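Shown next, in C-alpha cells, is the structure this report addresses.
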Amino acid sequence: MVDFPSRVRGCVLGGAVGDALGAPVEFWGAKRIEERVGVAGVRDFLPVSFGDTSGVGLITDDTQMTLFTLEGIIRAINRQDRGVGFTVGVLQHAYLRWLDTQQLREPSGERDGWLQGQRWLYSRRAPGNTCLAALQATDTEQFGDAARNDSKGCGGVMRSAPLGLLTGYSVGDDHFAYRMASDAAGFTHGHPTGQSASGAMALLINRIVRDEPLTRAVTSTLEYLAAVGPDAAETSRALTQAVDLAGRGEPSGQQLALLGEGWIAEEALAMSVYCALAYPGREQMLDALALAVTHGGDSDSTGAICGNILGALHGQQAVPAQLQIQLEGRGTILELCDDFVMAATQPEAFTSYDEHNETWRSRYPGW
C-alpha cells in the first residue's frame, strides 16, 4: 500500500513532470513530434523558452497554479480555528498571489506567506488568458465571487488535484472534493463544464488516495457525475468515451485524438484518464506520460493531469527519477508537499495561537 505522504508527493511531482514534458511540444502536432523524438513519443525533457528563461524541465502555469492551490489549502486549514470552516474563497487569494508571479518580476512585499516569496516562480509561463482576465477583474476585497465568463477551458481542471488530496483530512469526502474543486475552478471559469470537470478531477484523486483501484475510481467518479445532473453531462460523456477507448486494442495517438486536443476542460480530463487507463502500471508511468503529451493540442495540461493521477495512484517512487532530478523547483515542490501533509493530517496542531505556531502562521497565514 502506498502511504499518504508518498501519494501527495507523487501527485504533485508527477503533474509537474508531465507538465514539463509537454511544454516544449505544445502546438507541434504529432508528425513534427515523431520527426523530432521518434515513434515512442516524448520521453525526456526537451529545451523550451519562456521569455528570457530557457532550459529543460521547466514547468508552466499549470504547475504554478497547482502549487498555489496547495498553499491555499494549507492556509484555509489554518483559518478554521476562527470557527468558519474550510473556506474555498481562500484559494482565490492564492490565485491572486499567482497572478503576481505573471505580472511582476519579483515579490512586491505587499503579499504575505512563504510561497509568494519564491523568486523562481516569477516567470510568465504561457498563462491562459481566461485565468489572467478573470483574476485581474477580481475585487481583492471580496474573495469568493465566481468569474463572469462562459469559459470551459482546462485552466480549472489542471490545478484541481490538490483538493482531492484532502482525503486525509476529516472533511475529505466525495461531496467535499467535488464541490470545493468546482467552486475553485469557478473563480476563473464560468461555464458549468469547466467547473464539473475540475470537480471530477478532484473526486478521482480523492477516490485513488482512498485506495480504490484506478478503474474503480473512474467508475465511481462517473457514478457521482450521473447524480450531479445536466451541469456534468459533458464531462460524463467525455469520461465515458475515454473508458470505452481504453478498452479497445493497443493504446495509440490516433485513439487519443478521438477525445480532442485538450484545450477545454472535459477533453483534457478525458485524454489524461485515457492515457492513465492505457498504461496503469507502476512501471508504466513514463509510457502514459509520453502518450499524454505526444499530440498537437494542450500537451502540458494533459501531461500534468495524467501525471497527477498516476502519481497519486503509485506514489513518488513511480515518477521517473531521471526526470525528477531535472525538474525545475523540485525542492520547493517537495517542501510544500510535506507541509501540506502535516496540515492535512494534523490540523489540530496548527490551529492555536501559541508561540510554537508563530513561524507556521507567518509561513501560511489563514486568509
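The values are calculated or read from the model by the stated rules, or taken from the named source; none is laboratory data. Predicted model only: the values in this text are computed from it and were never measured. Counting neighbours? That spans all protein chains shown, and the Cβs are built from the backbone with ideal geometry, glycine included. To get the accessible areas, we keep the full protein, side chains included, count just its heavy atoms, and leave off ligands, DNA and RNA. Shrake-Rupley method; radii C 1.70, N 1.55, O 1.52, S 1.80 Å.
Peptides 89-98, 30-39: what's the order by average Cβ count within 10 Å, highest mean first?
Top of the packing list down: 89-98, 30-39.
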(message) Rounded to the nearest 20 debye, what is the charge dipole size of the chain about its Cα centre when +1 sits on each Lys and Arg Cβ and -1 on each Asp and Glu Cβ?
(response) 300
(request) Please work out how much accessible surface SER182 shows to a 1.4 Å probe, ignoring ligands, DNA and RNA, in Å² rounded to 10. (result) 10
(message) Residue by residue through the stretch 200-208, what is 3J(HN,Hα) from phi via Karplus (6.51 cos²θ - 1.76 cosθ + 1.60, θ = phi - 60°)? Round to whole Hz and write x for glycine and proline.
(response) 5, 4, 5, 5, 4, 4, 4, 5, 5
(request) Using only the Cα atoms of the chain, construct the convex hull and provide its projected area averaged over every direction, in square nanometres to one decimal. (result) 16.5
(request) Could you check the simple spin-label distance between GLU35 and THR359, using points 7 Å along Cα→Cβ, in nm with one decimal? (result) 5.5
(message) What translational diffusion coefficient, to the nearest whole µm²/s, does the stretch 1-79 have by Stokes-Einstein, given a Kirkwood radius computed over alpha-carbon pairs, a temperature of 37 °C and 0.692 mPa s viscosity?
(response) 226
(message) At 0.36 nm per residue, and after removing the present C-alpha to C-alpha distance, how many nm does the segment from ASN149 to ALA321 gain when stretched out fully?
(response) 57.9 nm
(request) Compute the accessible area per residue over the chain, keeping the other protein chains in place, probe 1.4 Å, unit Å². (result) 38
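Send over the semi-axes of the stretch 197-299's equivalent ellipsoid, whole angstrom and largest first, taken as the square roots of 5 times the C-alpha gyration tensor eigenvalues. All intermediate terms of the calculation are to be shown ahead of the outcome.
Values: eigenvalues 83, 54, 26 Å².
Values for the stretch 197-299, descending: 20, 17, 11 Å.
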(request) Have a look at GLY329, TYR364, SER301 and report the one farthest towards the positive end of the charge dipole of the stretch 239-367, computed about the Cα centre with Cβ charges (Lys/Arg +1, Asp/Glu -1). (result) SER301
(message) What number does the stretch 215-367 give for Rg over Rh if you use C-alpha atoms and the Kirkwood radius?
(response) 1.07
(request) Find the relative contact order for the stretch 96-135 and round it to a whole percent, using C-alpha pairs within less than 8 Å whose residues are 6+ positions apart. (result) 47
